[in-house]
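Asks: Sending over a structure as structure tokens; questions will come in a sec.
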Amino acid sequence: MVLPAESSLATRILTTHVVAMEFRRAVQTGQNRGRWSGVPLESRHALRRDNLVAAGVQLLGGAGGPALTVRAVCRHAGLTERYFYESFADREHFVRAVYDDVCTRAMATLTSAQTPREAVEQFVELMVDDPVRGRVLLLAPAVEPALTRSGAEWMPNFIELLQRKLSRIVDPVLQKLVATSLIGALTGLFTAYLNGRLGATRKQFIDYCVNMLLSTAATYAPHRERGESEHSIPAGPHN
């Protein structure tokens, strides 16, 4: 089941993507003159902000660690500092916006998943196959002072999302305990995998995460439901 807030989130992401595609098409086809030719005036501010955030993701999640300055962001985005301050009060505000963007996309990916395997596979695709985003989500809060509180503030959202997926655990307190422990375990696993410390193949990693989700949830599900398929955690259609 997709909640209204989740539907709105998906709509905003889709709208931004469509506008960005229109912008790139306008530039590539050379409509009129100027960088913003073919882009409605009311869309330009949002696109400039999106370009800056995209540059921030690349810099904050760089392999060598965060190398994010206002000047570097503007250079990477191809914009002047005037446009940076059009959207962000300062560097700290910007860094938090970059982190929020990555977390929002991660939440949207997990929300749309219908099975544990689909959730893990999509999350791996988003955060490990594109390690820049994974480093922003999992590693940046430990080394970027501006994100000292952001990681802790986002964690309850991921726990609540998983708690809703654990629909066959009927005790809400137990749901929260299981969801909290699983999020902690998955965070550690994804961080280690992203850093190359596990030595596991992509398939081994996905299989292990799925099995951990299923076995942990099954332990606390009503006895008659134990041993069900890997569709047991979220109430979604079978593949």
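Asks: So, Val124, is that one buried (at least 20 other Cβ atoms within 10 Å of the Cβ) and in a helix (DSSP H, G or I) or not?
Replies: Numbers: buried (at least 20 other Cβ atoms within 10 Å of the Cβ): no; in a helix (DSSP H, G or I): yes.
So Val124 fails the test.
Okay, residues lined up against (1) outside the structural domain of Leu138 (by TED's automatic domain parsing); (2) acidic (Asp, Glu); (3) under 15 Å from Ala140 (Cα atoms):
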| position | (1), (2), (3) |
| --- | --- |
| Ala67 | yes, no, yes |
| Arg71 | yes, no, no |
| Ala77 | yes, no, no |
| Glu81 | yes, yes, no |
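Asks: Counting only residues that are modelled with pLDDT under 90 and either touching a helix residue (DSSP H, G or I) at 6+ places or on another chain (Cβ under 9 Å) or crowded, with 20+ Cβ neighbours inside 10 Å (or both), how many does the stretch 130-144 have?
Replies: Selection size over the stretch 130-144: 1.
Asks: Could you identify the single residue in Ala67, Ala152 that is assigned to a loop (DSSP other than H, G, I, E, B), at pLDDT below 95, out of contact with any strand residue (DSSP E or B) (no Cβ under 6 Å at 6 or more places or on another chain) and small (Gly, Ala, Ser)?
Replies: Of the residues listed, the single one that is assigned to a loop (DSSP other than H, G, I, E, B), at pLDDT below 95, out of contact with any strand residue (DSSP E or B) (no Cβ under 6 Å at 6 or more places or on another chain) and small (Gly, Ala, Ser) is Ala67.
Asks: Now, a different point. Just to be sure I understand, how many residues within the stretch 166-221 are within 22 Å of the chain's Cα centre (by Cα), of a type in the set (Lys, Arg) and surrounded by 14 or more Cβ atoms within 10 Å (Cβ to Cβ)?
Replies: Counting residues in the stretch 166-221 that are within 22 Å of the chain's Cα centre (by Cα), of a type in the set (Lys, Arg) and surrounded by 14 or more Cβ atoms within 10 Å (Cβ to Cβ) gives 1.
The values are calculated or read from the model by the stated rules, or taken from the named source; none is laboratory data. Predicted model, so just to flag it, every value in this text is computed and none were measured. Don't worry about glycine lacking a Cβ; one is built from the backbone with ideal geometry, like all the others, and counts go over all protein chains shown.
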